[in-house]
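One structure is given here, and the rest of the page talks about it.
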Amino acid sequence: MRILAIETSCDETALAIISDATGSVGIERHLVSSQVDIHAKYGGVVPEVAARAHIERLFPMLDLLEIPRDGNEIDAVAVTAGPGLLPALRIGVETAKALSWSWQKPLVPVNHLEGHIYSVWRNQTEKFEIRNPKSETNSKIENRKGKRGIPEFPAVALIVSGGHTELILMRGHGLYERLGETRDDAAGEAFDKTAKLLGLGYPGGAMMGKLAAGSLQQAAGKIDAVAFPRPMMDSGDLDFSFSGLKTAVLHYVKGTAAPAALSDVCASIQEAIVDCLVLKTQKAIEKVRPKSLCVVGGVSANRRLRERMQEMADKEGVTLFVPDLSLTGDNAAMIGIAGYFNAKAGKFVDPLTLAADPGLRLGESSS
Ligand code: KG4
Ligand code: ZN
């Protein structure tokens, strides 16, 4: 089976071809065009601007995939149906519907969050491409060699992105039980909002990680330089809360006469966020005793989070899976992999009626 996958839920225009030609699911092509440069000047993603950029980029990118005009060689079209920004989602959904209808190929909706989870579900040699169609110099081809393992059920997934922080239990493909989630800001938002308070630009999560790690040719930050709060550590449930951290950082920035060095503040903020994520994930593991732990989404690129999760997973005797760095942020390869398993389970929808759903929850079906 070969699947064309489309992702436009936020500010990355992404396409991929997924296939099981070699016996297990893998990525054939994988194109991501980021709009981060466009939105940075607004300090956040502007939905209508994102939608317009998706329209401009999607068709040139489709051409790059060199799919025959009649859709021959493609067995199904997978698309992110939600959650996300409605104007942005609609471009991908309407394009997928048109292709599915005109090619007479089944249409598979994918929840963006299940996409992030499935970013670790691949185990074969692959060659894929990351390309900004406007700038050939940004092209990069990655070659992946060798077999890798895939998660086993039951699995616990921690999704940490700019919009979501959720702990999910999976007892099988497509079966999602929510164990906990954030009550206010997402972990990525906590990174971005506190980074903004420190003047690190938007989105500042990755920059904060670099300053904390000392990867900008400065000394690594001290994780205990500033005592920031770790909300809900003793709440007895598996929920998170990050808005108090943002307020604490604001007070620190405005009210401290002699603040610590920037890298120390970054390392202290990062440690507070990572502590909350690791502790609640550990509690989830102790509660449901899964075989695998998947840590996915944009924030899973964070080096310190990976280190701390690995230590915890080793201690708990559970196997940790994190995505390749090119699959932590939004991309269509993960949508195609999730779409592959949805297609195997016969989860198709009528290409005339699928509607983008900005508030789609994991485990709910799109219509
Ligand atoms: O999954 P994603 O690309 O988009 C959403 O679906 O939201 O996640 C983006 C988030 C942003 O908040 C970004 O700052 C954060 O992931 N992020 C990081 C790092 N790289 C990206 N946060 C902390 N450390 C990083 N290295
Ligand atoms: Zn995402």
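Read-outs: derived from the displayed coordinates by stated rules, not from any lab. Predicted model only: the values in this text are computed from it and were never measured. Note that we place each Cβ from the backbone using ideal geometry, even for glycine, and neighbour counts take in every protein chain shown.
Looking at Pro323, Pro290 in this structure, which one is touching a residue at least 60 places away in the same chain (Cβ under 8 Å), surrounded by 15 or more Cβ atoms within 10 Å (Cβ to Cβ) and within 16 Å of ligand 2 (Cβ to nearest atom)?
Within the list Pro323, Pro290, the selection yields Pro323.
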Any chance you could count how many residues in the range 84-110 are of a type in the set (Gly, Ala, Ser), buried (at least 24 other Cβ atoms within 10 Å of the Cβ) and more than 16 Å from ligand 2 (Cβ to nearest atom)? 2
Of the residues in the range 58-83, those that are within 16 Å of ligand 2 (Cβ to nearest atom) and surrounded by fewer than 24 Cβ atoms within 10 Å (Cβ to Cβ) number 2
Residue in the range 210-261 that is nearest to Glu166 (Cα to Cα), counting only those that are buried (at least 18 other Cβ atoms within 10 Å of the Cβ) and among the hydroxyl-bearing types (Ser, Thr, Tyr): Ser241
Go through the range 274-308 and give me each residue that's more than 13 Å from ligand 1 (Cβ to nearest atom) and either among the hydrophobic types (A, V, I, L, M, F, W, C) or within 19 Å of Gly329 (Cα to Cα) (or both). Cys276, Val278, Leu279, Ala284, Ile285, Val288, Leu293, Cys294
Subset of the range 92-118 (residues that are among the hydroxyl-bearing types (Ser, Thr, Tyr) and either within 16 Å of ligand 1 (Cβ to nearest atom) or free of Cβ contacts under 8 Å to residues at least 24 places away in the same chain (or both)): Tyr118
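Can you tell me which residue among Glu28, Glu48 is surrounded by fewer than 21 Cβ atoms within 10 Å (Cβ to Cβ) and touching a helix residue (DSSP H, G or I) at 6+ places or on another chain (Cβ under 7 Å)?
Glu48
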Have a look at Glu56, Glu66 and point out the one that is in a loop (DSSP other than H, G, I, E, B) and under 20 Å from Ala16 (Cβ atoms). Glu66
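Please determine whether any residue of the range 85-97 is within 23 Å of the chain's Cα centre (by Cα) and not in a helix (DSSP H, G or I).
So far as the range 85-97 goes, yes, one or more of its residues are within 23 Å of the chain's Cα centre (by Cα) and not in a helix (DSSP H, G or I).
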Confirm whether Gly205 is within 16 Å of ligand 2 (Cβ to nearest atom), surrounded by 14 or more Cβ atoms within 10 Å (Cβ to Cβ) and under 24 Å from Phe321 (Cβ atoms). yes
Subset of the range 296-320, residues within 11 Å of ligand 2 (Cβ to nearest atom) and in a helix (DSSP H, G or I), comes to Gly298, Val299, Ser300
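Here's the yes/no breakdown for (1) assigned to a loop (DSSP other than H, G, I, E, B); (2) of a type in the set (A, V, I, L, M, F, W, C):
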| position | (1), (2) |
| --- | --- |
| Lys210 | no, no |
| Lys222 | yes, no |
| Gly236 | yes, no |
| Leu250 | no, yes |
| Val253 | no, yes |
| Ala260 | yes, yes |
| Cys266 | no, yes |
Can you name every residue in the range 9-35 that is more than 18 Å from Tyr118 (Cα to Cα), small (Gly, Ala, Ser) and not in a strand (DSSP E or B)? Ala21
Regarding the range 246-257, can at least one residue be identified that is touching a Phe, Trp or Tyr at 6+ places or on another chain (Cβ under 8 Å), basic (Lys, Arg) and in contact (Cβ under 8 Å) with a residue 40 or more places away in the chain? no
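Let's see how each residue does on (1) free of Cβ contacts under 8 Å to residues at least 60 places away in the same chain; (2) under 18 Å from Ala248 (Cβ atoms); (3) within 15 Å of ligand 1 (Cβ to nearest atom); (4) within 17 Å of the chain's Cα centre (by Cα):
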{"site": "His164", "(1), (2), (3), (4)": "no, no, yes, yes"}
{"site": "Met170", "(1), (2), (3), (4)": "yes, no, no, no"}
{"site": "Tyr176", "(1), (2), (3), (4)": "no, no, no, yes"}
{"site": "Gly180", "(1), (2), (3), (4)": "no, no, no, no"}
{"site": "Arg183", "(1), (2), (3), (4)": "yes, yes, no, no"}
{"site": "Leu198", "(1), (2), (3), (4)": "no, yes, yes, no"}
{"site": "Met207", "(1), (2), (3), (4)": "yes, no, yes, no"}
{"site": "Ala213", "(1), (2), (3), (4)": "no, no, yes, no"}
